[in-house]
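Have a look at the structure below before the remarks.
The values are calculated or read from the model by the stated rules, or taken from the named source; none is laboratory data. Keep in mind it's a predicted model, so treat the numbers as computed, not measured. Cβ placement follows ideal geometry from the backbone for every residue including glycine, while neighbour counts extend to all protein chains displayed. Surface accessibility is based on the protein's heavy atoms, side chains included, excluding ligands, DNA and RNA. Shrake-Rupley method; radii C 1.70, N 1.55, O 1.52, S 1.80 Å.
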Amino acid sequence: MNATDSSMPSSALSQPDLRGHFGPYGGRYVGETLMPALLELETAFFHFRDDPAFQQELAALLKDYAGRPTPLYPAKRLSQMLGGAMIYLKREDLAHTGAHKINNTLGQGLLARYMGKTKLIAETGAGQHGVATATVAALLGMECRIFMGKEDIRRQAPNVQRMELLGAQVISVSSGTGTLKDAMNEAMRYWTEAVADTFYVIGSVAGPHPYPLMVREFQKIIGIEARAQMKAACGALPDLLIACVGGGSNAMGLFYPFLNDPVEMIGIEAGGHGVETGRHAATLSAGSVGVLHGSKSYVLQDPNGQIQEAHSVSAGLDYPGVGPEHAMLKDSGRVRYTSVTDTEAIEAFRTLCRTEGIIPAMESAHALAFAIQDAPRRPGNERIIVNLSGRGDKDLAIFTQFTATASSERKCAS
């Protein structure tokens, strides 16, 4: 832990500042047409965050509708196979809709209703945030539009069907690469003209202030639960937390309640074909400081500041930016960030299926891949928590296609 680094404020738990900055990152870099909506949202969030009726209703929904608390599961067969440290899985895949995304969408959806909004919009990559937003819209009786890249619609067809079944209109975005970045661009453009009755549910700790703060606050329940569950199970804190990082919401949700504890934390980015190839989504590992979607952070950009295409086998990690709080934590050294490749994630996906009978989301498989590499190097009395951020039903077609292509390439090479 390097809590005394000068680039990190004295208490990371006190961030962001009043203007939404996490050290030099974050802020609100948007056109003047969006400022009234963001200021209205900021005022409402700070008001209802401390409102007992809002908090009571949200707590009831998280318990009775989302199914919290999610278990902290000791992965004994996987740990025994690897040797070394014991791996625990925080089972966000068991939350309603199959991912941690429901924590945030329940919070933002309820906030929208308290603000008097009648419509929700969202962007989505892997579809889990879109499904969670469509679910909450149905629950609260609100209209819902989900913006999704054309390529992601192809990769995540089951989740598109789920969103439509829940009553949402899925808007195909064909600009750019047809992925998450482009869907977010289109959602922000639409919101500019519809702010009077529409609430934009951003799914990660990204975007302009107050979104990084707000999403973290709705997701920190992951770490609060994990901290209490580990102490109840072992009488001690974990030694290491591991979570995948695209925009970074599941990682921030797990990490935040442990920031002042002597616990090591590692965020795993999507290394794609390998960071050295340029075909990856490892923003913190290989990006530089810039502005994307209204916030300053690390981004993938060329020397002229043009945002570059990201690549990952996981649609949920295929994003060229990252939340500003992660940027601050990287600079301070409080959290270490590294990457694993598509191939390593696919192998981890298969390994968890066969050792524990759990099909992880391809996003979560990136965190698992690093844990599989790291656990054997640690003593047997250490405890690792891996955030299993979602379930992998949606990724079966990706797994099948990837393994078929790899098999074909091996045959051609032999």
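Picking from His273, His209, His280, His293, which residue would you name as being open to solvent by less than 40 Å² (accessible area, probe 1.4 Å), modelled with pLDDT of 95 or more and more than 27 Å from Ala59 (Cα to Cα)? Outline the logic, then answer.
On the way: His273 fails: open to solvent by less than 40 Å² (accessible area, probe 1.4 Å); His209 fails: more than 27 Å from Ala59 (Cα to Cα); His293 fails: modelled with pLDDT of 95 or more.
Exactly one residue qualifies, and that residue is His280.
This table checks each residue for (1) of a type in the set (A, V, I, L, M); (2) at positive phi; (3) in contact with a Lys or Arg (Cβ under 6 Å, 6 or more places away or on another chain); (4) crowded, with 24+ Cβ neighbours inside 10 Å.
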residue: Pro303; (1), (2), (3), (4): no, no, no, no
residue: Gly316; (1), (2), (3), (4): no, no, no, yes
residue: Gly333; (1), (2), (3), (4): no, yes, no, no
residue: Val340; (1), (2), (3), (4): yes, no, no, yes
residue: Phe349; (1), (2), (3), (4): no, no, no, yes
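Within the bounds of the range 213-236, is there any residue that is polar (S, T, N, Q), in contact with a Leu (Cβ under 9 Å, 6 or more places away or on another chain) and not in a helix (DSSP H, G or I)?
No, every residue in the range 213-236 fails to be polar (S, T, N, Q), in contact with a Leu (Cβ under 9 Å, 6 or more places away or on another chain) and not in a helix (DSSP H, G or I).
If I filter the range 38-71 down to residues being of a type in the set (D, E, K, R) and in a loop (DSSP other than H, G, I, E, B), which single residue comes out as nearest to Met115 (Cα to Cα)?
If we filter the range 38-71 for residues that are of a type in the set (D, E, K, R), which is where we start, we get 40, 42, 49-51, 57, 63-64, 68.
Right, trim to in a loop (DSSP other than H, G, I, E, B) and you get 50-51, 68.
Working: Asp50: 15, Asp51: 13, Arg68: 25 Å.
The residue in question is Asp51.
Could you tell me whether any residue of the range 236-254 is farther than 30 Å from Thr118 by Cβ, in contact (Cβ under 8 Å) with a residue 40 or more places away in the chain, surrounded by fewer than 23 Cβ atoms within 10 Å (Cβ to Cβ) and among the β-branched types (Val, Ile, Thr)?
No, the range 236-254 has no match at all.
Could you please find all residues in the range 276-288 being closer than 23 Å to Arg28 by Cα and in contact (Cβ under 8 Å) with a residue 40 or more places away in the chain?
Correct list: Leu284 only.
Is it the case that some residue within the range 349-362 is within 15 Å of Tyr73 (Cβ to Cβ), part of a helix (DSSP H, G or I) and polar (S, T, N, Q)?
yes
I need the full set of residues from the range 256-265 which are within 18 Å of Ala85 (Cβ to Cβ) and open to solvent by less than 10 Å² (accessible area, probe 1.4 Å), in order please.
From the range 256-265, those within 18 Å of Ala85 (Cβ to Cβ) are 258, 261-265; that's our starting set.
Passing the criteria: Phe258, Val263, Met265.
If the requirement is being surrounded by fewer than 19 Cβ atoms within 10 Å (Cβ to Cβ), touching a residue at least 40 places away in the same chain (Cβ under 8 Å) and under 26 Å from Gln401 (Cα atoms), which of these qualifies: Ala126, Ala183, Ala157?
Details: Ala126 fails: surrounded by fewer than 19 Cβ atoms within 10 Å (Cβ to Cβ); Ala183 fails: surrounded by fewer than 19 Cβ atoms within 10 Å (Cβ to Cβ).
When all the criteria are applied, what remains is Ala157.
Might you check whether a residue that is within 26 Å of Glu123 (Cβ to Cβ), touching a strand residue (DSSP E or B) at 6+ places or on another chain (Cβ under 9 Å), at pLDDT 95 or above and surrounded by fewer than 23 Cβ atoms within 10 Å (Cβ to Cβ) occurs anywhere in the range 228-235? Reasoning before the result, please.
Step one: filter the range 228-235 for residues within 26 Å of Glu123 (Cβ to Cβ), giving none.
No, there is no match, as no residue in the range 228-235 is within 26 Å of Glu123 (Cβ to Cβ), touching a strand residue (DSSP E or B) at 6+ places or on another chain (Cβ under 9 Å), at pLDDT 95 or above and surrounded by fewer than 23 Cβ atoms within 10 Å (Cβ to Cβ).
Given the options Ala251, Ala281, name the one that is under 30 Å from Arg189 (Cα atoms) and either assigned to a loop (DSSP other than H, G, I, E, B) or of a type in the set (Asp, Glu) (or both). Walk me through it before giving the result.
Working: Ala251 fails: either assigned to a loop (DSSP other than H, G, I, E, B) or of a type in the set (Asp, Glu) (or both).
Unique residue meeting the criteria: Ala281.
I need the full set of residues from the range 370-414 which are within 19 Å of Ile268 (Cα to Cα), part of a helix (DSSP H, G or I) and touching a Phe, Trp or Tyr at 6+ places or on another chain (Cβ under 9 Å), in order please. Spell out the reasoning first.
Step one: of the range 370-414, the residues within 19 Å of Ile268 (Cα to Cα) are 370-378, 383-392, 395.
Checking which are part of a helix (DSSP H, G or I) leaves us with 370-377, 395.
Residue satisfying the conditions is Asp395 alone.
For Ala126, state whether it is closer than 30 Å to His311 by Cβ and either among the β-branched types (Val, Ile, Thr) or touching a Lys or Arg at 6+ places or on another chain (Cβ under 8 Å) (or both). Explain how you work it out, then say what you get.
Details: closer than 30 Å to His311 by Cβ: yes; either among the β-branched types (Val, Ile, Thr) or touching a Lys or Arg at 6+ places or on another chain (Cβ under 8 Å) (or both): yes.
So Ala126 passes the test.
Quick one: which helices (runs of 4 or more DSSP H) sit completely within the range 85-200 and have at least 1 residues that are modelled with pLDDT under 95? If you could, list the steps in order and put the result at the bottom.
Working: elements: 101-115, 128-140, 150-155, 157-165, 180-192.
Passing ranges, in order: 128-140, 150-155, 157-165, 180-192.
Is it the case that some residue within the range 9-30 is more than 21 Å from Ala233 (Cβ to Cβ), open to solvent by less than 30 Å² (accessible area, probe 1.4 Å), over 22 Å from the mean Cα position of the chain (by Cα) and modelled with pLDDT of 95 or more?
No: zero hits.
When the range 360-403 is examined, which residues are found to be at pLDDT 95 or above, under 16 Å from Arg350 (Cβ atoms) and of a type in the set (S, T, N, Q)?
Ser364, Gln373
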